[in-house]
Amino acid sequence: CAGCWPAADMERLVERLEKAVERLETVCQGSGMCGDASAKGVAQYVQAFDALLAGPVAEYIKISKEVGGDVQKHAEMVHAGLMSERALLVVASQHQQPSENAFSDLLKPISEQIQAVQNFREKNRGSKLFNHLSAVSESIPALGWVAMAPKPGPYVKEMTDAAMFYTNRILKEYKDVDKKQVDWVKAYLSIWTELQAYIKEYHTTGLTWSKTGPVATAGAKAAPAPLAGVAPPPPGPPPPPAPMSSSTDDSASRSALFAQINRGEGITSGLRHVSDDMKTHKNPALKNQGGPVRSGPKPFTAPKPACNANPSHGSSPKAPPLLELEGKKWRVENQENATNLVISDTELKQVAYVFKCTNSTLQIKGKINSITLDNCKKLGLVFDDVVGIVEIINSRDVKVQVMGKVPTISINKTDGCHVYLSKNSLDCEIVSAKSSEMNVLIPTEGGDFTEFPVPEQFKTVWNGQKLVTTVTEIAG
């Protein structure tokens, strides 16, 4: 009976019950799993994402705070990106699939966070924890899986692999020194491992949209409150996304565009064949349309920046994209955001000239005489065999993968060049001049690549008879 309890004990019991109810109500409001919230219907895949946030993500945030400094700041940015992603998942669970333009606008908050994460790394190159920042920066484009169809899971795997070079450095440095750093690596990588499992279960071929409700628009908002204890998504629409930006310090799309190169021969699975009716040299009518029309999902698209006109068309404000065979020369020019370009009808006497292509990926099948990349930015090139030379001139942030053999690769006036060699092309000569940030990646027995930087600094001395030049190792 109530009279059997001392008044003080009853008051403490009531106080505890009130606090318990308050906590339960808070959780219900956040997860949408109790009371009125369940009537509104929080999709199962949103609840599953909340579990990921409460598990691997929470552990990563916790250890990052313990590490502190730049790692903690970076983790807060990663968390904001994940919350932006959760907001999109809630919108998708309540709306039907939108138009491509509206979807692009919905992706902007995620893209903004990807840019913030990668810009933070670029602005803190002197950080003692630069390997940590690089591991996160190289893999954070994995948040773009929501725009990748039909294989969002493998895309996340590719982005995770892009972080391995730096996480391995961390493990090597701290393995027997600081267990907290090792735990940090495990916690961070587990986010993407769990995300792959999540995608496989709920979004196997792409982001799942509701079959009922209104069609999503750029201003669509998520109705349920965020998970309890987790910060809400960033308010308001952010500036245009980074991966398709043209700013000088923009590196947000580097991994997203080129991580597929690490797949070796599997890279061809995601490319679309350019049939005869899409080639301008076999279908003249296309010449007046500015080249073949491409479709399919494009992550984080933004208005294309105007580019300089082709010198041969000085009166035109913008040169049209081009992919055609002119005599013995394949001309690939002015392509932007085209990640599925393929040249397959090749002959030994033909050459390829790739000019002013941006944010694109090109594959050249068969054996060809030579390839020239001129004035390209963020271009991924994959080719089988070249009997002459591959030249890279006046370019920036390009990645080149040899599937077969090539005798010589020349890099001139280029900033940022990664060359992936095959086992059959290890005897390739690489000649460089007036270039920086060059790396050659050598295949290992396990199918991965080991990265080796190309020297940029030299020391020259007079030995009494002639000048002797040697490579100077740059500290750090």
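Just a few scattered comments:
- From the list Pro238, Pro150, the one residue that fits, being assigned to a loop (DSSP other than H, G, I, E, B), outside the structural domain of Ser64 (by the TED database), at pLDDT below 95 and of a type outside the set (S, T, N, Q), is Pro238.
- Filter pass, Asn359 being open to solvent by 10 Å² or more (accessible area, probe 1.4 Å) and modelled with pLDDT under 95: no
- Consider the stretch 324-341 and keep the residues that are open to solvent by less than 10 Å² (accessible area, probe 1.4 Å) and closer than 24 Å to Ala147 by Cβ. The one that is modelled with the lowest pLDDT is Ala338.
Okay, residues lined up against (1) farther than 21 Å from Asn424 by Cβ; (2) of a type in the set (Asp, Glu); (3) crowded, with 23+ Cβ neighbours inside 10 Å; (4) outside the structural domain of Val440 (by the TED database):
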site	(1), (2), (3), (4)
Gly366	no, no, no, no
Thr372	yes, no, no, no
Lys377	yes, no, no, no
Leu381	no, no, yes, no
Gly388	no, no, no, no
Arg396	yes, no, no, no
Gln401	no, no, yes, no
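- Every residue from the stretch 376-417 that is in a loop (DSSP other than H, G, I, E, B) and over 18 Å from Leu348 (Cα atoms): Cys376, Asn394, Ser395, Lys413, Thr414
- Residue tally, condition in a strand (DSSP E or B) and within 23 Å of Lys413 (Cα to Cα), over the stretch 341-362: 10
- Being buried (at least 17 other Cβ atoms within 10 Å of the Cβ), out of contact with any Leu (no Cβ under 9 Å at 6 or more places or on another chain), modelled with pLDDT under 95 and farther than 23 Å from Asn340 by Cβ is a property that Ser422 lacks.
- Counting the residues of the stretch 117-173 that are under 11 Å from the mean Cα position of the chain (by Cα), small (Gly, Ala, Ser) and more than 25 Å from Thr444 (Cα to Cα) gives 1.
- Complete set of residues in the stretch 178-193 that are surrounded by fewer than 17 Cβ atoms within 10 Å (Cβ to Cβ) and under 20 Å from the mean Cα position of the chain (by Cα): Ser190, Thr193
The values are calculated or read from the model by the stated rules, or taken from the named source; none is laboratory data. Worth saying up front: this structure is predicted, and the values here are computed from it rather than measured. FYI the Cβ positions are ideal-geometry reconstructions off the backbone, even for glycines, and counts take in every protein chain you see. Surface accessibility is based on the protein's heavy atoms, side chains included, excluding ligands, DNA and RNA. Shrake-Rupley method; radii C 1.70, N 1.55, O 1.52, S 1.80 Å.
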